[in-house]
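J.: What follows is a structure written as structure tokens; I'll ask about it next.
The values are calculated or read from the model by the stated rules, or taken from the named source; none is laboratory data. Small disclaimer: the values here were computed from a predicted structure and weren't measured. Positions of Cβ are backbone-derived with ideal geometry, glycine not excepted, and every protein chain shown enters the neighbour counts. In case anyone asks, the SASA skips ligands and DNA or RNA and just uses the protein heavy atoms, side chains included. Shrake-Rupley method; radii C 1.70, N 1.55, O 1.52, S 1.80 Å.
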Amino acid sequence: MAGLPSSTSAKEKPSAGVFDGIAIRLLAPSWLMIGFFLLVPVAMMLVYSFLTKEFRGGVIWEPSLAAYDQFIFDRGLFGDEPPVIEWTYITIFARSIWQAALATVLCLIIGFPTAYFIATRPANTRGVWLFLITIPYWVNLLIRTVSMKFLIRDTGPLNQFLISTGLIDSPIHIVNTNFAVQLGLFYSYLPFMVLPIYAAVERYNFALSEAAFDLYASRWTTLRKILIPVVKPGIIAGCILVFIPSLGAFLAPDLLGGAKTFMIGSLIEEQFKGSAGNWPFGAAASMILLSMVLVVLLFYARQQTRSINGAR
Amino acid sequence: MANTSALEVRNAVKVYGVKPNDVIALNDVSISVENNEFFTLLGPSGCGKTTLLRMIAGFETITQGSIRLFGENIENLPANKRPVNTVFQQYALFPHMTVLQNAAFGLTMLGKSDKEANSVAGRMLEMVQLGGFADRKPGQLSGGQQQRVALARALAPSPKLLLLDEPLSALDLKLRHSMRVELKQIQEEMGITFIFVTHDQEEALTMSDRMAVMSNGELQQIGTGKEIYEQPGNRFVADFIGETNLLSATVESVKGSHATCVIGNNTRLECVVSDAIEAGSSAHISIRPERISLAKSTVSSAGQDTLTGVVSRYVYLGTDTQCKLLLDDGTKINCRVQNAHGSTTDLAVGERASIHIDQGAARLLVN
Amino acid sequence: MANTTTDVRRYPGFLAFTILCLVLLYTPMIIVTIYSFNDSPSITKWGGFSWRWYQDVFFGIEAAKFKTAAWNSLSIATMAGISATVIATSAAIGMIRGNSFKGKSLSFGLINLPLMVPEIVSAVATLIFFSAIGITRGYFSILIAHMVFCIPFAYLPIAARLEGIEKSYEEAAIDLYATRWKAFTKVLMPLLAPGIISGFLLAFIISLDDFIITNFVKGAGVETLPTAIFGSVKQGIKPNIMALSTLMLLVSVFFVSLSYYVSKLGERSR
């Protein structure tokens, strides 16, 4: 028999489930692919972050802490001055975290009521609403970002519209500002917030709200004290799904922002482009970004286990 | 062995997980099922009956022990090499195949030609009265029809043993009753050994030749329905099958198969003993409610087997009347009186009554 | 309609948020779609309806570049989608139906690793890896990278579907003398089909959409549609790019509808 590992031979112990005994064989292809082409590369990236840079891109195999040192300290042009704290990169990271967090909050403010509204539609129209949210989720992010850039350009349709209505006299500069990047992040990842919250609210047992209502809670108290705590895992999942890609975003800052609106993603990208690059530094910045993401995910995993072991 | 049993499970043990978090699902269970027998595994959920069935089918490994099918050891064969078929609890009919394709599946897998497989499958469908439904999908059938397809599918390859895992539990009450009769008929016609798992004692009693009562992964008693009902081997069996009065008692003296016991506040009772027991030990007495008769009482004491008390509950139930009594010694007794001749003594709550226990109805149970 | 005062589920204003959300999400795409039909070469003024930029996409100066890029994108997405789906199906069966073993929960983490690592980090790591082991960057390196990050996307719908399928189906197949492989092909796979198709569609779209990783691991000269569009946009948004974007948008909408339809079918067959 071809394909899946051959049927159990008589000698082999019979299996409890049909696919018992071959779990490892079934999982091996995915382990090999992801292990070899992602886990090993990440490990290599860690190694590269401790190597010396080669000026035309790439590395020299000489251990060095220069990449991390450069991240924090300024030692002058020739590296012989006493170290001073270098704020450039720290500022970029701090701003990235701030912008990703702000994008998350904005997505939550718009996304939660939307998800809730869709989840409480009658079954026959719910699908249509959900479909409308799903489309942007699937549309190419580059195209969406380009569309946004087109819309908000100085001579773009938005400014033309505002001028034509007489609200403004001269175009508002939006592109190449922090605001544009912020808008781009928010707009890029908004569907990522809606879908997990929708899933949580859809599973929510509304008898709980009715019980609270029955016990004299107001509509908003019911929302705050009953619904939100119950659907919290969905809210946290949505926040993670917005925060993590926002933190490492490249397209929004690159296309909508300018040189002054650098985020981590653009900083990393620059290290691998052309001769200006610095691979160890790019690898180090990637490692720092990855560690931050892992911290967030660990926090998330702890929340999840707590909500499983908790009230339920 | 000249006359081999259809199935012989010896000292079967099933342990899930590893120490110290292991769970013993089956503890040293041995059963032997004769050819053409309708054998039932009866017990509450979690008693190990399904584990035992799945072990016979080949879906669970056996931790220790052996399984023999007509004298051959099968415990190391995978499920697809055992000439044993199963009717699953939720039927597990393949939804993407027609009824006929479902019924023919086993034969096709055994390498039979499509023609042969389909003709046998067709015959099986006729047998379960679904001849006209061959081209439907399982989803278009009612629960009862699906159940018949599952039966036809499992019988088509002519297994040496048919396993049925609570197959009637998903049906409504009326259908369940008629399916009981039909299942038994099919079993007799086909001459195949059936092993039936259920938690429903009525189901077990109506269909089985013999049954095994299980609890907590252990075998409690094997016997015919009558044996198990009338001569329960232990407290669990007495309590699980039918209603019973279980009274704790102290053994005063033992004489052969009879013992004199003391219950409650020094009342003496003659009981039948099946297991060895010594005078002075404590045990339980089981008395079926319908083996107790009632009479209005004015006198406070009578013969040896007569006890008196106050009626605490009296409920008319149609064919019989249920009466709860609080005996003078503080023991609570439950009895059922047939309403057959209209001769039932009408009693009211609070009235005094005396009870009489039939000869041999009180059984002493060691544990 | 439910009575406003008694229905606990209703919160005033939530409809407004929903509409705001949809307006925000759709306005840019709709505007670009409209302007892609603008006859005027100056992209800011409306010059009447025209198909000219679509003709330009297919027959203009950049047409050859776009065609190659489209071919690369589609062929990579198809191959990466198929292989990721096969790997993910196998993995889902192993995870959900297979025996337990030490480190099984770690395995779940590994399968989902591409979702957890930020794209830019995966891109950097993959670039470093390929350059370190000396693989020439190009079509093949893009394909490998796409296969890897598509696995968890294909895995999710397949695993979700498999969780909902009773174990007793494949047990019944085995009980009726099917081999393990037959139990898979004849029983489990047909039941799993909606999940497998959704998994493939998701993987396909994700591969088609990818820009960041592709941008890192593509060699000089090999372009996919997103990298080609990005390259053009760097010099300003031209109308032919808007036409191309609109076409890609339609492709996405088509695939969402398809996967939506498949999942509806799947629900009914359950």
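J.: Give B:Thr260, B:Thr267, B:Thr244 a once-over and let me know the one that is under 18 Å from B:His356 (Cα atoms), free of Cβ contacts under 8 Å to residues at least 40 places away in the same chain and either in contact with a Gly (Cβ under 8 Å, 6 or more places away or on another chain) or surrounded by 15 or more Cβ atoms within 10 Å (Cβ to Cβ) (or both).
T.: That would be B:Thr260, the only listed residue that is under 18 Å from B:His356 (Cα atoms), free of Cβ contacts under 8 Å to residues at least 40 places away in the same chain and either in contact with a Gly (Cβ under 8 Å, 6 or more places away or on another chain) or surrounded by 15 or more Cβ atoms within 10 Å (Cβ to Cβ) (or both).
J.: Sort out which residues of the stretch C:227-270 are hydroxyl-bearing (Ser, Thr, Tyr), open to solvent by less than 40 Å² (accessible area, probe 1.4 Å) and touching a residue at least 60 places away in the same chain (Cβ under 8 Å), and write them in order of number.
T.: C:Thr227, C:Ser232, C:Ser245, C:Thr246, C:Ser259 - these are the residues of the stretch C:227-270 that are hydroxyl-bearing (Ser, Thr, Tyr), open to solvent by less than 40 Å² (accessible area, probe 1.4 Å) and touching a residue at least 60 places away in the same chain (Cβ under 8 Å).
J.: Further, regarding this structure: Looking only at the stretch C:167-204, which residues are under 18 Å from B:Pro83 (Cβ atoms) and either part of a helix (DSSP H, G or I) or more than 7 Å from chain B (Cβ to nearest Cβ) (or both)?
T.: The answer is C:Glu171, C:Ala172, C:Ala173, C:Ile174, C:Asp175, C:Lys182, C:Ala183.
J.: Just to be sure before I move on: is A:Ile235 closer than 27 Å to A:Leu130 by Cβ and more than 10 Å from chain C (Cβ to nearest Cβ) in the structure I sent?
T.: Against the criterion (closer than 27 Å to A:Leu130 by Cβ and more than 10 Å from chain C (Cβ to nearest Cβ)), A:Ile235 qualifies.
J.: Among the residues of the stretch A:169-193, what is the count of those that are among the β-branched types (Val, Ile, Thr), free of Cβ contacts under 8 Å to residues at least 24 places away in the same chain and in contact with a Gly (Cβ under 9 Å, 6 or more places away or on another chain)?
T.: So the answer is 1.
J.: What helices (runs of 4 or more DSSP H) completely inside the stretch A:197-312 contain at least 1 residues that are farther than 26 Å from C:Val121 by Cβ?
T.: A:207-214, A:219-222, A:228-247, A:279-309
J.: What's the number of the only condition in (1) under 25 Å from A:His173 (Cβ atoms); (2) within 22 Å of the chain's Cα centre (by Cα) that A:Thr114 fails to meet?
T.: (1)
J.: Would you confirm, using the coordinates I've provided, whether B:Thr86 is surrounded by 17 or more Cβ atoms within 10 Å (Cβ to Cβ), closer than 18 Å to C:Lys167 by Cβ and within 11 Å of chain C (Cβ to nearest Cβ)?
T.: So B:Thr86 passes the test.
J.: If I filter the stretch A:207-216 for residues that are aromatic (Phe, Trp, Tyr), open to solvent by 70 Å² or more (accessible area, probe 1.4 Å) and more than 12 Å from chain C (Cβ to nearest Cβ), do I get at least one hit?
T.: yes
J.: Next question, about the same structure. Anything in the stretch B:165-190 that is closer than 20 Å to C:Asp175 by Cα and either in contact (Cβ under 8 Å) with a residue 40 or more places away in the chain or not in a helix (DSSP H, G or I) (or both)? List them, or say none.
T.: Passing the criteria: B:Asp165, B:Glu166, B:Pro167, B:Leu168, B:Gln187.
J.: Based on this model, can you work out whether B:Leu100 counts as among the aliphatic types (A, V, I, L, M) and either within 26 Å of the chain's Cα centre (by Cα) or buried (at least 24 other Cβ atoms within 10 Å of the Cβ) (or both)?
T.: no
J.: Right, B:Ala92: small (Gly, Ala, Ser), touching a helix residue (DSSP H, G or I) at 6+ places or on another chain (Cβ under 6 Å), assigned to a loop (DSSP other than H, G, I, E, B) and within 14 Å of chain C (Cβ to nearest Cβ) or not?
T.: yes
J.: Looking at (1) within 11 Å of chain C (Cβ to nearest Cβ); (2) of a type outside the set (D, E, K, R); (3) over 30 Å from A:Val231 (Cα atoms), which is the only condition A:Ala100 fails?
T.: All conditions are met except number (3).
J.: Can you go through B:Leu183, B:Leu155 and tell me which one is over 22 Å from B:Met55 (Cβ atoms) and open to solvent by less than 60 Å² (accessible area, probe 1.4 Å)?
T.: Selected residue: B:Leu183, the only one of B:Leu183, B:Leu155 that is over 22 Å from B:Met55 (Cβ atoms) and open to solvent by less than 60 Å² (accessible area, probe 1.4 Å).
J.: Being free of Cβ contacts under 8 Å to residues at least 40 places away in the same chain, in a helix (DSSP H, G or I) and either out of contact with any helix residue (DSSP H, G or I) (no Cβ under 6 Å at 6 or more places or on another chain) or within 30 Å of A:Val18 (Cα to Cα) (or both) narrows it down to one residue among C:Gly94, C:Gly81, C:Gly98; which is it?
T.: None of the other options fit; the residue is C:Gly94.
J.: Can you name the number of the only condition in (1) among the polar types (S, T, N, Q); (2) surrounded by 21 or more Cβ atoms within 10 Å (Cβ to Cβ); (3) closer than 23 Å to B:Thr51 by Cβ that B:Asn234 fails?
T.: Only one criterion is unmet by B:Asn234, namely (2).
J.: Restricting attention to the stretch B:37-74, which residues are within 13 Å of chain A (Cβ to nearest Cβ), in contact with a helix residue (DSSP H, G or I) (Cβ under 8 Å, 6 or more places away or on another chain) and open to solvent by 10 Å² or more (accessible area, probe 1.4 Å)?
T.: B:Glu60, B:Thr61, B:Ile62
J.: May I ask you to say which residue of B:Gly132, B:Gly111, B:Gly139, B:Gly122 is within 13 Å of chain C (Cβ to nearest Cβ), open to solvent by 20 Å² or more (accessible area, probe 1.4 Å) and either of a type in the set (A, V, I, L, M) or part of a helix (DSSP H, G or I) (or both)?
T.: The conditions single out B:Gly139.
J.: Can you name every residue in the stretch B:24-36 that is in a strand (DSSP E or B) and open to solvent by less than 80 Å² (accessible area, probe 1.4 Å)?
T.: B:Ala25, B:Leu26, B:Asn27, B:Val29, B:Ser30, B:Ile31, B:Ser32, B:Val33
One line per residue, one yes/no per condition, for (1) facing another protein chain (nearest Cβ under 10 Å); (2) modelled with pLDDT under 85; (3) crowded, with 16+ Cβ neighbours inside 10 Å:
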site	(1), (2), (3)
A:Ile143	yes, no, yes
A:Ile168	no, yes, no
A:Tyr198	no, no, yes
A:Ser218	no, yes, no
A:Arg224	no, no, no
A:Leu241	yes, no, yes
A:Leu247	yes, no, yes
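J.: So is C:Val8 over 25 Å from C:Leu156 (Cβ atoms), touching a residue at least 12 places away in the same chain (Cβ under 8 Å), out of contact with any strand residue (DSSP E or B) (no Cβ under 6 Å at 6 or more places or on another chain) and open to solvent by less than 80 Å² (accessible area, probe 1.4 Å) or not?
T.: So C:Val8 fails the test.
J.: What number of residues within the stretch C:101-129 are among the basic types (Lys, Arg) and assigned to a helix (DSSP H, G or I)?
T.: 1
J.: Would you check if A:Ile109 is open to solvent by less than 10 Å² (accessible area, probe 1.4 Å), of a type in the set (A, V, I, L, M, F, W, C) and facing chain C (nearest Cβ under 9 Å)?
T.: In short, no.
J.: Quick one: count up the residues across the stretch A:133-185 that are over 27 Å from the mean Cα position of the chain (by Cα), assigned to a helix (DSSP H, G or I) and β-branched (Val, Ile, Thr).
T.: 1
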